[in-house]
1. Under 12 Å from the Cβ of Val53, count the other residues' Cβ atoms, weight Lys and Arg +1, Asp and Glu -1, and hand me the total.
2. Step through the residues of region 26-35 one at a time and calculate ³J(HN,Hα) from phi using the Karplus curve (6.51 cos²θ - 1.76 cosθ + 1.60, θ = phi - 60°), rounding each to whole Hz and writing x for Gly and Pro.
3. Across region 190-203, in residue order, what do the Karplus-derived ³J(HN,Hα) couplings come to in whole Hz, using 6.51 cos²θ - 1.76 cosθ + 1.60 with θ = phi - 60° and x for Gly and Pro?
4. Give me the compactness ratio for region 3-236, meaning the Cα radius of gyration over 2.2 N^0.38 Å.
5. Could you list which residues have their amide H under 5 Å from that of Val48, counting only those 5 or more apart in sequence or on another chain, with H placed in the peptide plane?
6. Of all accessible surface on the chain at a 1.4 Å probe, what whole percent is carbon and sulfur?
7. With the cut-off at 29 Å, tell me which of the pairs Lys70/Lys167; Lys64/Lys117; Lys42/Lys86; Lys86/Lys106; Lys42/Lys106 have Cα atoms farther apart than that.
8. Near the amide H of Phe92, under 5 Å away, which other amide H atoms are found, from residues 5 or more places off or on another chain, if H is placed in the peptide plane?
Amino acid sequence: MNIYQYILQSISKREKLLAILLDPDKVNLDEVSKFTQKINNKADFIFVGGSTVSNGDTENLVEKLKENTKLPIVLFPGDYTQITNKADTLLFLSLISGENPEYLIKQQLKSVPFLEKSSLEIISTGYILINGGVETSVQKVSNTRPIDQLNIELISRTAIAGMYMGKQLIYLEAGSGATEAVSQIIIKEVSKNISIPLIVGGGIRTRKQLDDAFNAGADLVVIGTAFEENNQLFDRF
Ligand code: 1GP
């Protein structure tokens, strides 16, 4: 079964999913075996990606992860150079909340010669950047403006437009290190209006925030910074 089918199946069984996001720029390869033990029984996927990653670092991290975990490795790349065949799946992102052609279509074009020859599962993902209370790296790097959390109408329309464009997933992103995670009202509204899986990430640090996102309608939640800062996070969860 591929990852997308697994997500759909989990939704039909009313099971919620958790992904841990690892940024190849920040992970110490010598610590991988230690912290994967913490993730193995808690998360469903490991996402790998970052806004700015040096060449080769993603592949090295994915290789190391593969030696230490059976969890599926999903690429969540900040740009096309982070794509590697060593992973299982690629979130083929298009930043549909922004008006920067580089992240709407140009990065995607650059990835095609590689993807034509790769065996990665590709999941078309509408990526929507929402104001997380601070200027996040994704905002800086993509040079796009996040949508205000109060503009629920625009967020919802953007998600619906993404679905109509044929995206297989919608990803509501408050940005890594956000001080304000995507609100429950937004998650509720978007999940009510789309019939494709919904991912939520950015600024989620506690069990309560995780449950709130799930209860509001997120199918899959992504946690990065909170785990990076404290590998024992799940001991308390
Ligand atoms: C994934 O960017 C997020 O969508 C991760 O955000 O690092 O704040 O958990 P955090």
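1. Details: positive: Lys26; negative: Asp23, Asp25, Asp57, Glu59, Asp79.
With Lys, Arg at +1 and Asp, Glu at -1, the neighbours total -4.
2. 10, 7, 8, 4, 5, 9, 4, 5, 5, 7
3. Using θ = phi - 60°, the values come out as 5, 5, 5, 9, 10, 10, 10, x, 10, 9, 10, x, x, x Hz.
4. 0.93
5. Leu22, Val74, Leu75, Phe76
6. Answer for the chain: carbon and sulfur cover 47 percent of the accessible area.
7. Lys42/Lys106
8. Sorted by chain and number, the residues that satisfy this are Ile123, Ser124, Thr125.
The values are calculated or read from the model by the stated rules, or taken from the named source; none is laboratory data. Quick caveat, the model's predicted, so the values are computed rather than measured. Please note: Cβ atoms are built from the backbone with ideal geometry, for glycine as well, and neighbour counts cover all protein chains shown. With ligands, DNA and RNA removed, areas are computed over all heavy atoms of the protein, side chains included. Shrake-Rupley method; radii C 1.70, N 1.55, O 1.52, S 1.80 Å.
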